[in-house]
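Below is one structure, written out as structure tokens; the observations come after it.
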Amino acid sequence: MKTNLQKTGTSKPVTKNPASNAFSGRAVKRPTKSTASRCPVSNKCGGCQYVDIPYQDQLKQKQKLLTTLFSSYGKPQPIMGMELPDFYRNKVHAVFGLDSKRKPVAGVYEAASHRIVPVESCFLEDQKATAIIRTIKGLLPSFKIKVYDENSGYGLLRHVLIRTARETGQIMVVLVLASPILPSKNNFVKALRKEHPEITTIVINVNDRKTSMVLGDKEQTIYGKGYIEDVLCGKVFKLSPKSFYQVNPVQTSRLYETAVSYAGLTGKETVLDAYCGIGTIGMIAAEKAKRVIGVELNQDAVRDAVYNAKKNGIKNIQFYQKDAGQFMIQLAEQKEKVDVVFMDPPRAGSDEAFLGSVITCSPKKIVYISCNPETLARDLKFLTRKGYKVQKIQGVDMFPHTEHIECVVLLSKVQN
Ligand code: SAH
């Protein structure tokens, strides 16, 4: 199933082109039409461009790409692959609508269209999440719940979003509705939980606009706490429906451990965690640093971050809800001393407001975490022209079976 790989939280537009091809034009060895794909809808969905390439070859292809892209900075470390690269995604999204015969379907938008490709199962997604989506679809007729028709604007159910927490086993179901009233709400919850007692919370999100964004602003919890908690690198993290959380928990631990080890913290440093989401990296770094400052644009994520710090008993961390660039300008103006900057921007990368002020603040180390090697390359060019040197590049395969690559890069300030 085509999935939201972008680091934008979940209120991002549903893309209708194949997984926002970061590496378009590159030769991807796909099976010929005569050989059947592992996934019957992969061609239409476009979410798993590499699903038919043996996993070790996928890794080789990704390594080659990083080597080419970053050749001027030295050789990247061998990419960290997964032992079991199937069914890794902890966040699953299905769009509900009508097919050409006006029958309800759940799946993904076909590339460059508003047609929905029905999806029964997916090699990327948590299998419990897939099963819950199937159950919800099966329950619709008996509860007389109509799916939303994009053309007429009639109907109720637009999307289902499921988040699973691998460590704690908690599961959140978000029903995105066109209007706030779910018929026989309590019985629906009962029926869904009868099939899937592992669901720990169910939230209604109301999206009444004609938009390609998945989530609307209004939320109502109809079962459980309205959020789930997961454990990562020994810390507990609360996740709200709209907060960003990395989609591959197994690889995320390795990604964060690499990032924090690159920083080489000694306990004396002031650390900035920019684009911090729910505060994951900063909180893992906090026990090794003097002080951590987190900045993040999304209000829900910042709320979660503050809660998470408290829950984990971390006292040397503060969070600010602000544009990272604007915040960085302010830090630079106040001549705030920052020793290490972790930065983990969305796919579009960072901006000159942020990068320029990082240069002014002059941290000893920058640890750049990126889900888009191309914007990473652009930003590295900027930083390396302004007195920083790339020390290490580590690819982490966060998105097996897709063309996407996550990277951690360590830069250090060149001594004058
Ligand atoms: N470091 C976190 C989140 C990374 S995703 C983690 O590993 O979980 C990127 C984050 O950047 C998202 O939470 C998104 O909401 C946030 N973001 C996007 N644009 C931003 C901006 N201009 N300023 C600050 N944060 C931004």
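Below is a table of values for the structure above.
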{"item": "Residue match in the stretch 383-403 (condition: surrounded by 18 or more Cβ atoms within 10 Å (Cβ to Cβ), within 13 Å of the ligand (Cβ to nearest atom) and aromatic (Phe, Trp, Tyr))", "result": "no"}
{"item": "Qualifying positions in the stretch 38-48 - on the phi < 0 side of the Ramachandran plot and either touching a helix residue (DSSP H, G or I) at 6+ places or on another chain (Cβ under 7 Å) or modelled with pLDDT under 50 (or both)", "result": "Gly47, Cys48"}
{"item": "Residue that is farthest from the chain's Cα centre (by Cα) [pool: residues in the stretch 283-296 that are part of a strand (DSSP E or B) and away from the ligand (no atom under 12 Å from the Cβ)]", "result": "Arg291"}
{"item": "Scope the stretch 92-117; condition of a type outside the set (Gly, Ala, Ser) and buried (at least 17 other Cβ atoms within 10 Å of the Cβ); matching residues", "result": "Val92, His93, Val95, Phe96, Leu98, Pro104, Val105, Val108, Tyr109, Glu110, Ile116, Val117"}
{"item": "Members of the stretch 63-96 found to be in contact (Cβ under 8 Å) with a residue 60 or more places away in the chain and at positive phi, listed by number", "result": "Gly74"}
{"item": "Pair list, Cβ under 8 Å, 6 or more apart: the stretch 297-314 residue farther than 19 Å from Pro346 by Cβ, other residue more than 9 Å from the ligand (Cβ to nearest atom) and open to solvent by 50 Å² or more (accessible area, probe 1.4 Å)", "result": "Ala309/Lys315; Ile314/Glu287"}
{"item": "Residues satisfying the stated conditions in the stretch 263-283, i.e. open to solvent by 20 Å² or more (accessible area, probe 1.4 Å) and either of a type in the set (Ser, Thr, Tyr) or within 15 Å of Cys407 (Cα to Cα) (or both)", "result": "Thr266, Tyr275"}
{"item": "Output for the stretch 65-91, where each listed residue is exposed (fewer than 13 other Cβ atoms within 10 Å of the Cβ) and closer than 15 Å to Thr402 by Cα", "result": "Leu84"}
{"item": "Those residues of the stretch 74-113 which are farther than 24 Å from Val176 by Cβ and touching a helix residue (DSSP H, G or I) at 6+ places or on another chain (Cβ under 7 Å), in sequence order", "result": "Lys75, Pro76, Pro78, Ile79, Met80, Gly81, Met82, Pro85"}
{"item": "Condition met for Arg291 (within 28 Å of Lys392 (Cα to Cα) and open to solvent by 50 Å² or more (accessible area, probe 1.4 Å))", "result": "yes"}
{"item": "Any hit, the stretch 153-175, residues being part of a helix (DSSP H, G or I) and open to solvent by 20 Å² or more (accessible area, probe 1.4 Å)", "result": "no"}
{"item": "Residues being within 17 Å of Ile317 (Cα to Cα) and within 15 Å of the ligand (Cβ to nearest atom) - total across the stretch 257-279", "result": "11"}
{"item": "Number of the condition not met by Val408 [criteria: (1) open to solvent by less than 30 Å² (accessible area, probe 1.4 Å); (2) away from the ligand (no atom under 12 Å from the Cβ)]", "result": "(2)"}
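The values are calculated or read from the model by the stated rules, or taken from the named source; none is laboratory data. In this text the structure is predicted, and so the values were computed from the model without any measurement. No Cβ is skipped: glycine too gets one built from the backbone with ideal geometry, and neighbour counts run over all protein chains shown. When the accessible area is computed, the model is the full protein with side chains, heavy atoms only, and any ligands, DNA or RNA have been set aside. Shrake-Rupley method; radii C 1.70, N 1.55, O 1.52, S 1.80 Å.
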